[in-house]
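The values are calculated or read from the model by the stated rules, or taken from the named source; none is laboratory data. Given the structure is predicted, the values throughout are model-derived calculations rather than measurements. Here the Cβ is made from the backbone with ideal geometry for all residues, glycine too, and neighbour counts use every protein chain on show. The area values use the complete protein model at the heavy-atom level, side chains included, leaving out ligands, DNA and RNA. Shrake-Rupley method; radii C 1.70, N 1.55, O 1.52, S 1.80 Å.
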Amino acid sequence: MTDFVVENKYVVERPIYSEDSFSADHEIVDRRHTTVLDHFKRICGCSAQKAKGIALTCLPIASWLPPYAFKEWILSDIISGVTTGLVAVLQGLAYALLTNVSPGYGLYAAFFPILVYFFLGTSKHLSAGPFPVTCLMVGSVVLTLVPGDTSSTSNSTVVNSTSEEALNNQRIVVAASLTFLVGIVQLVMGVLRIGFIVIYLSEPLINGFTTAAAIDVVVSQLKYIFGLTVPAFNGPLALFYTLKSIFDQLRITNIADLVISIIVMVFVYGFKEINDRFKSKLPVPIPIEIIMTVIATGVSYAFDFKHRFAVNTVGTIQRGFDPPVAPDVGIFQSSVANSISIAIVGFAVAFSVAQVYAIKHNYTIDANQELIAFGLSNIVCGAFKGFVASTSLARSSVQESTGGKTQIAGIISALIVLIVTLALGYLLETLPKAVLAAIIIINLKGMLMKFNEIPILFQMDKYDCFVWVLTFISSVILGLDLGLAVGVGVELLTVVFRVQFPKFTVIANVEGTDIYKNRKDYSDIYEPDGLRIFRCPAPIFFGNNDLFKEKLITAAGFNPLWVLRKRNKALRKIKKLLSKGELQMTTKGLVLASEDYNDTDDEELNNNRLEELDQPINTSELPIEIDWNANLPDIIKVPKVNIHSLILDFATVSFIDVSGMKVLKAILKEFMKIGVDVYIGAADSQILEKLKNSKFFDADLKTSIFFLTVHDAVLHVLEKRGLGMQSQEKLEKEAETLLYESGIIYDREPTPVAHETKF
């Protein structure tokens, strides 16, 4: 048995065993045996601390409710909750149309999920409730099992009835039973800890699927826009059969429904554009949907639209809640496959939205706990005749943008829904369904605009573009359930050519050579002070970009974004103390003028000012530069950064997709903002070309960060720090030669002026 060591600047093999090697090996084995036993005891043992951790994991409310800052947050949560509650009422009524049940049951779907998520959810800003895509998927199953034409002899598992009321009751039972089954699927997935499944649903796949769902939603609402009676179509090509039926009946369009829809769409679209354009000046978005709903309801009641113009209205909304009922097991057997696809889509959408706000407000969410929360939410909602809950981006955006701090805002929004359900629901009975359909269509603008991604994806990553387009086409032609299955299958085929869990390593130089190996594998290895070399042995793509970022941060020894925020906070405090004369600039650095300084009046940043901490550090207003690694006064607490340069070894990185480029660009800029120089060595010419085509380079990230080899990058760092021997001109020449030979540049200047590769 041998080990690699360095002798006289050469790598040689040396036997590990010596005269006492046998006894030494036994000592190592005993030591490892003891370590394994201790580790086993830690895992299997029980303690009060472990029990508390399990309790906080299973019941997240216990971790955030006790430290709730009542005086600072309660007013914001109340305002946010009331606003979100009004939106939830309207969306509940509207999305019930997609589910093909009476609109009043949409209030159930807007109430019970929020109530359960309040106790079990890990996101502080997510608004649980109906989502158009999942509602449409549930509605498709409802129409399959309970067709609209009760006289047909279709293969249905539910006994049809000629009574419209009985028909609605049957559809409610199907929707509720399917929701119950979806909840069971999500709960089982959460208990089995398979929340990681969302990584297999890439952004292009989700966007292609949701865009197809948006098309399906628009088509499903056309019957309310034109006031037509359209038979239910299911299965492949159902979308085209529905369109054919609508076009065949256009001559009998209800003009009143059409005029109402056009007026509502014009006003809602116009005010939404105003909200987007002036969102920085408006304290809260103008609730145009609520305003139009109130106006339309009042006008419809005053002029009796239902009887005078044959307008289809919401109809009777039952006060209160129906008692819970047991699900129909027969429906379970007919909708197992649908329940799995609905469960995955609903969770993927909700987790994606929750992750956006978790990153923005710097907290973490647990994917498995989110599955459990939504699973129990759907079980409870299904028991009370509601339909599948996920989240709505618009509703969650309202809850966050209006100042919501915690799920207290969510419980207040549930209270608004409860009030409407118990006492005020009858006021909405004269609301035309055309108004709800118009609001649904306008709110799909964001999903329909995702068509703009296709040319961008084609240029940046053809694999992602292929997944997007094929998922969209299959979902439109085959239906949402089969389309999702096709999309997942196509995406998994692309994973065959990619590596998902690479082993990232920190490497160092075998002294006296240009060889770089894992520093843990060699006994004698040279690593310059302040320099860290990180090897990425696999592609960087949507499945491992988070892991890449995490491992890079671990290798560096600190999170650059966290350091940046700490420095910006400290800089703000320094400027404040300098202006008050409590801090002075001296030749030895910053000195506290008074020992009696009270640190209790430091302001805390609110959510709307967090972005200020992510900006580059600006010390231009100070008379001297601040050395953040120097000894600062005790009241200025800033983490020290022990490296000045970071080199990424890209020798084995075969490709980078859209998500990977975004993560790479973001993390490199974060390191640069805190003064850490970043370089990339041995990158393939195809990667350089792709980065160029994708507009990766800008004023901060220049082509000069790329080097022919890792060793060249190291020599450049040493020379820049006064320790190197290789000239700058030679490095520039080699970098230019690399790009010239790869065909990225075609003309070479005799003598480059600066070290920046020119494309």
Q | Unique residue being in contact with a Ser or Thr (Cβ under 6 Å, 6 or more places away or on another chain) and farther than 30 Å from SER475 by Cβ when the list is LYS306, LYS281 | A | LYS306
Q | Pick from region 643-659, criterion over 15 Å from PHE534 (Cβ atoms) and of a type outside the set (Val, Ile, Thr), ranking: most open to solvent (accessible area, probe 1.4 Å) | A | SER654
Q | Residues of region 66-91 that turn out to be open to solvent by 30 Å² or more (accessible area, probe 1.4 Å) and among the charged types (D, E, K, R), as a count | A | 2
Q: Give LYS450, LYS462 a once-over and let me know the one that is open to solvent by 30 Å² or more (accessible area, probe 1.4 Å) and without any contact (Cβ under 8 Å) to a residue 12 or more places away in the chain.
A: LYS462
Q) Quick check, is GLY375 in a helix (DSSP H, G or I) and at pLDDT 90 or above? A) yes
Q) Is at least one residue of region 217-226 closer than 30 Å to ILE372 by Cβ and open to solvent by less than 20 Å² (accessible area, probe 1.4 Å)? A) yes
Q) Of all the helices (runs of 4 or more DSSP H) wholly in region 297-371, which have at least 1 residues that are open to solvent by less than 20 Å² (accessible area, probe 1.4 Å) and closer than 16 Å to GLY190 by Cβ? A) 336-360
**Q.** Among the candidates ALA326, ALA350, ALA310, residue that is within 25 Å of LEU431 (Cα to Cα) and of a type outside the set (Phe, Trp, Tyr)
**A.** ALA310
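Can you spot a residue in region 200-218 that is part of a helix (DSSP H, G or I), more than 30 Å from LEU457 (Cα to Cα) and among the polar types (S, T, N, Q)?
Kept after step one, since they are part of a helix (DSSP H, G or I), are these residues of region 200-218: 200, 203-218.
When the remaining residues are screened for being more than 30 Å from LEU457 (Cα to Cα), the result is none.
There is no residue in region 200-218 that is part of a helix (DSSP H, G or I), more than 30 Å from LEU457 (Cα to Cα) and among the polar types (S, T, N, Q).
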Q: Only residues that are in contact with a strand residue (DSSP E or B) (Cβ under 7 Å, 6 or more places away or on another chain) and over 30 Å from ARG319 (Cβ atoms): list them for region 351-394, please.
A: VAL353
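Step by step: first the residues of region 116-136, then only those that are part of a helix (DSSP H, G or I) and of a type in the set (Ser, Thr, Tyr), then the one that is farthest from ALA367 (Cα to Cα). Which residue is that? First the steps, then the outcome.
Here is the first cut: in region 116-136, the ones part of a helix (DSSP H, G or I) are 116-120, 132-136.
Within this subset, residues satisfying the condition of being of a type in the set (Ser, Thr, Tyr) are 117, 134.
On the way: TYR117: 14, THR134: 19 Å.
The residue in question is THR134.
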(Q) Given the condition part of a helix (DSSP H, G or I), out of contact with any Pro (no Cβ under 6 Å at 6 or more places or on another chain), modelled with pLDDT under 90 and not aliphatic (A, V, I, L, M), answer yes or no: does some residue in region 401-418 qualify? (A) yes
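Residues checked against (1) over 30 Å from LEU470 (Cβ atoms); (2) of a type in the set (D, E, K, R):
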position: ILE359; (1), (2): no, no
position: PHE384; (1), (2): yes, no
position: THR402; (1), (2): yes, no
position: ALA414; (1), (2): yes, no
position: LYS445; (1), (2): no, yes
Q. Are any residues in region 238-274 open to solvent by less than 60 Å² (accessible area, probe 1.4 Å), part of a helix (DSSP H, G or I), under 20 Å from LEU436 (Cα atoms) and of a type in the set (Ser, Thr, Tyr), and if so, which ones?
A. THR242, SER261
Q.
Could you check region 667-693 and list, in sequence order, the residues that are open to solvent by 20 Å² or more (accessible area, probe 1.4 Å) and in contact (Cβ under 8 Å) with a residue 60 or more places away in the chain?
A. GLU670, LYS673, LYS690, LYS692, ASN693
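Going by the conditions given, is ALA713 assigned to a helix (DSSP H, G or I) and of a type in the set (Gly, Ala, Ser)? Give the derivation first.
On the way: assigned to a helix (DSSP H, G or I): yes; of a type in the set (Gly, Ala, Ser): yes.
Answer is yes for this residue.
Looking only at region 296-322, count every residue that is among the polar types (S, T, N, Q), within 40 Å of the chain's Cα centre (by Cα) and under 21 Å from ILE439 (Cα atoms) and tell me the total. Working first, answer last.
Taking region 296-322 and keeping what is among the polar types (S, T, N, Q), we get 297, 300, 312-313, 316, 318.
If we keep only those that are within 40 Å of the chain's Cα centre (by Cα) as well, we get 297, 312-313, 316, 318.
From what is left, the residues that are under 21 Å from ILE439 (Cα atoms) are 297, 312-313, 316.
Total meeting the criteria: 4.
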Q: Would you check if GLU621 is within 30 Å of LYS576 (Cβ to Cβ), charged (D, E, K, R) and at pLDDT 90 or above?
A: no
